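Encoded as structure tokens, the structure appears first; notes follow it.
The values are calculated or read from the model by the stated rules, or taken from the named source; none is laboratory data. Predicted, not measured: the structure shown is a model, and the values here were computed from it. Note that each Cβ is placed from the backbone with ideal geometry, even for glycine, and that neighbours are counted across all protein chains shown. When the accessible area is computed, the model is the full protein with side chains, heavy atoms only, and any ligands, DNA or RNA have been set aside. Shrake-Rupley method; radii C 1.70, N 1.55, O 1.52, S 1.80 Å.
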Amino acid sequence: MTEETESYHSDSEDDQEFEDAEDVPEDVDMTLDRALNECQEAIRYFFNNQFKEARSLLSPYSHTSMYHSLGECVFLFMEAVLTFEPDAIKAAIKSLKHAISLCNRHRKKNTIGESLGKMVRKSNFEQYTELEAHAELCYAECLLFRSMLSFMEDESLGSLIKAGIKIRSCYNSYKDCRQILLKRKWEVGSTKEHFESGVRMGIGAFSLMISMMPARIIKLLEFIGFSGDRQHGLNEIAIGYSMNGVRQIMCVMMMLGYNLFFFPVLSHRDGDLKTCKELMQTQLRQYPDSVWFLFFEGRMNLLLGNLDSSKDWYIKSWRSQNVWPQFHHICFWELVWVHCLKIEWREALVYCQQLLEKSKWSRSLYSYQKAVIMCMIKEELTQSELDEMNKLMKNVPRYKQRIAGKSLPMEKFAIKKAERYFNQNQNLVLPVFEIMFVWNLFKLLKYFSVASKILKVIEKSLEDLESKSTSSKYDNDNKALILLLKGACLRHMGSPILALDCLETVISMQKYLIEDHYIVPYAIVELALIEWQNGNGDKAILALEDAKKNYTGYSLESRLHFRIHTALTEFKAENKKI
């Protein structure tokens with residue numbers, strides 16, 4: 001089936017939920033141009049932390065204008081994602097149902113003959129009116145938000161399948177929008193720029209998302225019609241934020257989010273910090289007090305190793321607004337790791353406590369986070385603090401969540417480690433550095449000012465383990481973990497020979513490990529990255545293939561497969577050029 005014959009309109013199966021949702025009134029005074037102008041004004045309010053003013057501008061017309069309704073949905077969607085509260089999720093879903101009915105009112109309708117014939121002929125994308133084109137784009141965006149909320153709303157398999165159907169329908173609508181952009185004759189002074197920035201954003205987002213999936217998932221997605229290319233996705237988003245369309249700012253947010261969060265966590269490389277720096281300079285000039293851009297500036301400074309500056313920017317972001325206290329929690333989470341990287345355990349505990357008391361996102365992980373930081377200063381703790389640490393560890397499994405019918409991987413990891421804490425005489429070895437390693441924060445150890453203190457703590461832990469007078473059945477697991485962390489630290493510090501020695505020792509200990517089986521495949525990936533840096537491309541690829549194919553069933557397996565996929569994609573492409 002060609003891309004052009006996949007036109008997917010309001011007779012599609014997953015639209016039926018919304019088709020007759022309500023009789024939508026029409027506002028003859030609200031033109032498309034006016035709606036776009038008011039949405040741009042609302043965006044200016046929003047990114048200047050004037051959230052009430054933004055909503056006041058949108059709300060009066062949210063029942064009659066699809067763009068005002070979509071803007072209202074964005075507010076409710078973000079509140080749902082930040083809070084995870086059932087009432088917030090229901091309110092967002094209700095708003096999206098209404099917005100979809102508004103979009104369906106204006107989307108291009110097919111006659112029965114056209115619907116029957118569209119499988120054997122091309123759709124007439126050039127015949128779309130300007131309003132119909134924008135309705136298709138707004139529909140795609142609404143459906144994307146709705147599918148994301150399906151995962152949060154209901155854990156059943158049926159809900160998961162529904163979300164998948166909506167994502168496919170959304171993807172098809174974006175592909176239709178691209179054809180409309182290319183084939184429709186847009187007049188000078190039309191709303192083309194607003195439309196194009198949205199199309200670029202949607203196509204770019206899908207390309208990026210799919211390109212980062214492990215190979216086996218990509219093959220399945222391509223089989224059912226999806227496609228993804230990282231560079232294509234980045235190019236599309238870059239074009240989107242270079243335009244003066246209503247979605248320009250969302251393209252900026254997407255580029256910053258990808259390069260400062262997703263790519264650094266799921267890849268062995270940093271994101272494009274040069275582009276991020278240029279974008280941030282522009283956005284902070286325009287929105288100097290924006291909670292969002294102050295936060296991104298904090299993250300960028302963190303990735304550059306400027307820990308003190310990072311801390312200051314995060315605090316500015318947190319203090320810049322009080323309408324959404326949930327956003328404070330994201331800043332607290334980041335500040336925990338800033339202080340951990342600085343070996344400032346007591347300061348980190350302050351923010352851990354804030355998360356435990358105020359955030360509902362993952363009490364299981366927050367309990368574990370605070371407990372393991374306390375583990376790092378166990379000798380300094382009072383008896384009441386030791387009792388608190390034990391209580392926190394006991395609470396880790398109690399607060400376990402299930403989303404889309406499955407436990408969160410990091411919560412499962414924390415629960416296993418909490419059990420190990422009690423099985424190991426109320427002790428864990430370097431548990432904070434272990435979390436930092438799996439979150440890919442060890443990248444920051446390429447800055448000596450950050451790495452020097454951490455390496456000393458790791459080496460001291462190894463000395464203590466080897467000089468211990470009594471043995472434990474977990475000694476090999478603990479030694480393997482310490483050597484993995486030391487090897488990763490030395491790799492980032494530019495000492496590949498010493499790093500290889502540590503990692504090869506870890507791999508040789510495989511058959512002696514009792515619980516921490518994840519350590520070996522993670523060590524193999526670290527070794528592969530060193531081989532690549534040393535110019536041994538074939539060895540690096542073989543090691544990555546080994547980690548991918550010959551190890552399974554270990555903790556945080558999917559997280560490692562994302563990293564393996566991005567590394568293999570890059571290494572194989574580079575090998576072809578040689």
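Checking the a/c ratio against 1.5 first, then a/b against b/c, what shape does the Cα gyration tensor give for segment 337-492? In terms of gyration-tensor shape, rounded.
When the helices in the chain are scored as -39500 (n - 2.57) per DSSP H run of 4 or longer and the sum is shared across all residues, what 222 nm value do you end up with, to the nearest 500 deg cm²/dmol? Can you show the working numbers first?
Working: 27 runs with 397 residues, N = 578.
Counting only the DSSP helices, I get -22500 deg cm²/dmol.
Taking the 1.4 Å solvent-accessible surface of segment 490-569 as the whole, the part contributed by carbon and sulfur is 52%.
Anisotropy class assigned to segment 195-290 is oblate, per the alpha carbon gyration tensor with a/c at or over the 1.5 cut-off and a/b no larger than b/c. In this structure the chain gives 45 Å² per residue of accessible area when probed at 1.4 Å with all protein chains present.
Please enumerate, by chain and number, the lysines with C-alpha under 28 Å from the C-alpha of Lys108, excluding those fewer than 8 residues away in the same chain. Qualifying lysines at Cα under 28 Å: Lys94, Lys97, Lys118, Lys122, Lys162, Lys166, Lys175, Lys183, Lys185, Lys192.
In terms of the Cα gyration tensor, with a ≥ b ≥ c the square roots of its eigenvalues, is segment 25-96 rounded because a/c is under 1.5, prolate because a/b exceeds b/c, or oblate?
oblate
When each of the peptides 124-130, 502-508 is scored by the mean number of other C-beta atoms lying within 10 Å of its residues, the order from highest to lowest reads 502-508, 124-130.
Restriction of the GluC sites (Glu not before Pro) in segment 266-348 to DSSP coil positions whose beta-carbon has at most 16 other beta-carbons within 10 angstrom yields Glu344.
Judged by the mean number of other Cβ atoms found within 10 Å, the most tightly packed of the peptides 188-194, 523-529 leads the ranking 523-529, 188-194.
I need to check one value: relative contact order of segment 456-532, counting alpha carbon pairs closer than 8 Å and at least 6 residues apart, in percent.
Numbers: 70 pairs, mean separation 23.5, N = 77.
Relative contact order comes out at 31 percent.
How much of the accessible area of segment 345-465, probe 1.4 Å, is carbon plus sulfur, in whole percent? It is 51 percent, rounded to a whole number. Remark: relative contact order (the chain) = 10 percent; criterion is Cα-Cα distance under 8 angstrom and separation of 6 or more residues. Each peptide among 241-250, 463-472, 303-312, 365-374 gets the average number of other Cβ atoms lying within 10 Å of its residues, and from highest to lowest they stand as 365-374, 241-250, 303-312, 463-472.
May I ask which of Lys394/Lys473; Lys219/Lys572; Lys460/Lys548; Lys316/Lys342 have a Cα-Cα span longer than 26 Å here? Before the final figure, lay out the partial values.
Details: Lys394/Lys473 22 Å; Lys219/Lys572 17 Å; Lys460/Lys548 33 Å; Lys316/Lys342 19 Å.
In this structure, Lys460/Lys548 exceed 26 Å between Cα atoms.
Here the 3J(HN,Hα) profile of segment 182-196, calculated from phi with Karplus coefficients 6.51, -1.76 and 1.60 at θ = phi - 60°, is 6, 9, 6, 8, 8, 7, 4, x, 7, 8, 4, 4, 5, 5, 5 Hz, Gly and Pro shown as x. Counting pairwise Cα distances across the chain, what percent come out greater than 31 angstrom? I get 54 percent for the Cα pairs in the chain exceeding 31 Å. Of the accessible area of segment 235-277, computed with a 1.4 Å probe over protein heavy atoms only, carbon and sulfur atoms account for 60 percent.
Summing charges over all other residues whose Cβ lies under 15 Å from the Cβ of Cys489, with Lys and Arg as +1 and Asp and Glu as -1, gives +3.
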